[in-house]
Amino acid sequence: MITTRQAKTQNTASQTTGQSSPRPNSFWQNLSGALGGSGDRRSLFSRRGASPDQVKAGRVFRYDDGQGRMETATVICLCELVGVTHVRYDLRIDQPGHRPFEDGPRVLGMKTFLDHFCESIRS
């Protein structure tokens, strides 16, 4: 086991002799690689399911939480707010033992909409 004093001595010795020890990637290098999708890592921003090209007025998307609750979004239109594409949609929530709840219109940014409603069910 190397104590802190020994590690400092070895560090100083390698710096004075010009040898550099292999340094593991830092947190920021790992994060940068993950965000950019380099190497074998999958990009943090990649998503499964629908793409922005599939989101159009009249399309229907669904979110299932796996416990019986089903959210269905019917796209009304796409709008541009502050340079960001937003989705305007009507929402219906079906839950076992409850009457269906309908609400709308609602607005979400395109990325947030696709992250939540990743299943396109019909045109």
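A few points about this structure:
- All strands (runs of 3 or more DSSP E) inside the range 63-123 with 2 or more residues being surrounded by 14 or more Cβ atoms within 10 Å (Cβ to Cβ), hydrophobic (A, V, I, L, M, F, W, C) and modelled with pLDDT under 90: none
Yes/no matrix, rows are residues, columns are (1) touching a residue at least 40 places away in the same chain (Cβ under 8 Å); (2) farther than 15 Å from Ser51 by Cα:
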site	(1), (2)
Asp64	yes, yes
Glu71	yes, yes
Thr74	no, yes
Val87	no, no
Arg99	no, yes
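- For the range 103-123, a residue qualifies if it is acidic (Asp, Glu) and in contact (Cβ under 8 Å) with a residue 40 or more places away in the chain, and the qualifying residues are Asp115, Glu119.
The values are calculated or read from the model by the stated rules, or taken from the named source; none is laboratory data. Note that the coordinates shown come from a computational prediction; the quantities given were computed from them, not determined experimentally. A quick note on method: Cβ atoms are made from the backbone with ideal geometry, for glycine too, and the neighbour counts reach across all protein chains shown.
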